[in-house]
1. Being among the hydroxyl-bearing types (Ser, Thr, Tyr) and more than 30 Å from Gln145 (Cβ to Cβ) is the filter here; which residues of region 183-231 pass it?
2. Looking at the structure I just gave you, is Ile82 among the aliphatic types (A, V, I, L, M), at pLDDT 85 or above and either over 26 Å from Asp157 (Cα atoms) or more than 25 Å from the chain's Cα centre (by Cα) (or both)?
3. Within region 339-364, which residues are polar (S, T, N, Q), within 14 Å of Tyr285 (Cα to Cα) and in a strand (DSSP E or B)?
4. Mind listing whichever residues of region 214-229 are of a type in the set (A, V, I, L, M), surrounded by fewer than 13 Cβ atoms within 10 Å (Cβ to Cβ) and either part of a loop (DSSP other than H, G, I, E, B) or touching a Gly at 6+ places or on another chain (Cβ under 6 Å) (or both)?
5. Name the residues in region 333-356 that are surrounded by fewer than 18 Cβ atoms within 10 Å (Cβ to Cβ) and of a type in the set (Val, Ile, Thr), would you?
6. Can Ser359 be described as surrounded by 15 or more Cβ atoms within 10 Å (Cβ to Cβ), at pLDDT 90 or above and under 27 Å from Ile213 (Cα atoms)?
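The values are calculated or read from the model by the stated rules, or taken from the named source; none is laboratory data. Bear in mind the structure is a predicted one, so any value in this text is a computation, not a measurement. Because the Cβ atoms are built from the backbone with ideal geometry, glycine has one as well, and the counts that use them run over all protein chains shown.
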Amino acid sequence: MLRRAQCLLRMHSTGRQSLCAGQRVPAVLHRNYSADETNSNSGNPNAKRSGTGGSKSLPAVRNVFAAAQDKTKDTYLTMVEIFQERDVHRRNHVEFIYAALKHMPDFGVENDLEVYKALINVMPKGKFIPTNLFQAEFMHYPKQQQCIIDLLEQMEDFGVMPDYEMEAMLLNVFGNKGHPLRKYWRMMYWMPKFKNLSPWPLPNPVPDDTLEIAKLAVERMCTVDLRSQINVFDTKELKDAVDETWIVSGMSPEQSKLLREHSRQKALYIEGPFHIWIRNRRINYFTLRADADTEFLAQLDERQLDEDDVSHIEVPFFGRPPPRRHNQLGKLRSVHQQDDGTIFAICATGTSTKDSLLSWIRLLEAHGNPSIGEVPVLFRFTSTVPAKAEEIEGPASVPATSSDSSSRSRKEEEPSVS
């Protein structure tokens with residue numbers, strides 16, 4: 001034993017892998033020396049490696065997903081099949097699955113259930129099944145189980161609902177007491193409940209056409225008034241239009257009435273761009289609004305009685321009876337008359353420029369709203385959301401559906417020629 005220790009100490013002091021009489025160098029020690037020599041030579045590209053005396057460098061791990069040229073679903077599944085057939089034991093399968101999950105958006109398969117099932121099929125079958133209660137509760141093989149849990153969480157983030165075939169696959173890999181199977185059961189309980197819960201359902205998948213996405217966005221926002229009408233204008237209808245693009249406009253008869261009754265001395269404002277998300281697509285929209293009518297809102301607040309106020313309960317059998325409701329006459333407040341202003345219309349354009357918005361005002365005037373030509377219209381661009389997002393997350397992480405020259409942070413107010 002003393003002789004073995006002296007041999008190892010001599011090897012460490014000389015830095016050479018010489019052998020003592022009858023002794024063998026441990027494999028772990030040999031790997032460490034190989035790694036050290038590789039790291040020392042990595043900084044010097046001109047370092048010479050002899051074929052006899054020098055040790056071989058460790059093989060470099062290559063990310064096949066990042067090096068792929070044709071980023072399609074077939075290429076992705078082919079690489080997964082090659083990994084399964086390469087080795088019977090399927091070494092480094094956890095690292096392979098994490099790399100595959102990371103590069104899913106590059107191949108456009110982040111919403112494909114078949115691809116997730118192919119990745120689960122990479123795991124060896126029957127090896128990670130717990131045999132007793134302690135292994136089941138203390139997460140037997142935690143690295144492998146956490147890998148599949150992360151896969152299921154990515155499915156949940158992208159809205160991919162699993163099926164019963166995936167349950168059988170998880171059962172074969174981790175057994176009925178595995179934590180990934182518990183995660184699957186929770187997903188199958190909650191995801192069907194939220195799938196059709198939205199009152200504004202969207203087609204799956206969402207269309208790629210920007211005009212169709214703008215129609216869906218304006219329709220969702222106009223559901224506050226069931227009589228709202230969605231019109232698609234083309235700026236080619238105007239003779240002196242600068243931008244040739246489409247305009248999706250939403251306006252209700254109640255808003256048209258409010259616009260006719262609006263004072264000619266008070267200006268209208270075009271504000272925006274504001275953002276609405278249609279799943280993973282962003283649309284910029286603008287509003288045509290005016291300042292709030294403070295006199296009307298003050299009179300309305302005086303006439304309005306709070307039915308939930310129980311501080312002064314008047315009993316009709318004692319004292320003066322409460323006033324009758326049918327004697328309280330007056331205008332009713334519209335849903336478009338908010339405390340911060342009155343909304344007359346909303347729109348989304350293909351270019352989101354000032355010229356397209358000017359064409360929108362002229363098209364509204366030509367289609368049943370002649371009073372707009374008698375009221376000054378001002379542009380008020382005060383949106384700083386995209387600039388703040390670029391400051392926090394970086395310019396590459398802020399997607400935009402339409403090419404928007406006015407989505408940059410700016411504050412501008414100037415009259416239009418309407």
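1. From region 183-231, those among the hydroxyl-bearing types (Ser, Thr, Tyr) are 184, 189, 198, 210, 223, 228; that's our starting set.
If the condition is that a residue be among the hydroxyl-bearing types (Ser, Thr, Tyr) and more than 30 Å from Gln145 (Cβ to Cβ), then Ser198, Thr210, Thr223, Ser228 are the ones that fit.
2. Numbers: among the aliphatic types (A, V, I, L, M): yes; at pLDDT 85 or above: yes; either over 26 Å from Asp157 (Cα atoms) or more than 25 Å from the chain's Cα centre (by Cα) (or both): yes.
So Ile82 fits the description; yes.
3. Restricting attention to region 339-364, the residues satisfying the condition of being polar (S, T, N, Q) are 342, 349, 351-353, 356, 359.
Subsequent filtering for residues that are within 14 Å of Tyr285 (Cα to Cα) retains 349, 351-353, 356.
Of everything in region 339-364, just one residue is polar (S, T, N, Q), within 14 Å of Tyr285 (Cα to Cα) and in a strand (DSSP E or B), namely Thr349.
4. Applying the first criterion (of a type in the set (A, V, I, L, M)) to region 214-229 yields 214, 216-218, 221, 224, 226.
Of the ones still in play, those that are also surrounded by fewer than 13 Cβ atoms within 10 Å (Cβ to Cβ) are 224, 226.
The answer is Leu226, and nothing else.
5. Val335, Thr353
6. On the way: surrounded by 15 or more Cβ atoms within 10 Å (Cβ to Cβ): yes; at pLDDT 90 or above: yes; under 27 Å from Ile213 (Cα atoms): yes.
It is true that Ser359 is surrounded by 15 or more Cβ atoms within 10 Å (Cβ to Cβ), at pLDDT 90 or above and under 27 Å from Ile213 (Cα atoms).
Residues are listed down the side, and each one gets a yes or a no for (1) surrounded by fewer than 20 Cβ atoms within 10 Å (Cβ to Cβ); (2) under 24 Å from Arg86 (Cα atoms); (3) of a type outside the set (Asp, Glu); (4) over 30 Å from the mean Cα position of the chain (by Cα):
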| residue | (1), (2), (3), (4) |
| --- | --- |
| Glu137 | yes, no, no, yes |
| Pro142 | yes, no, yes, no |
| Asp163 | yes, no, no, no |
| Val173 | no, yes, yes, yes |
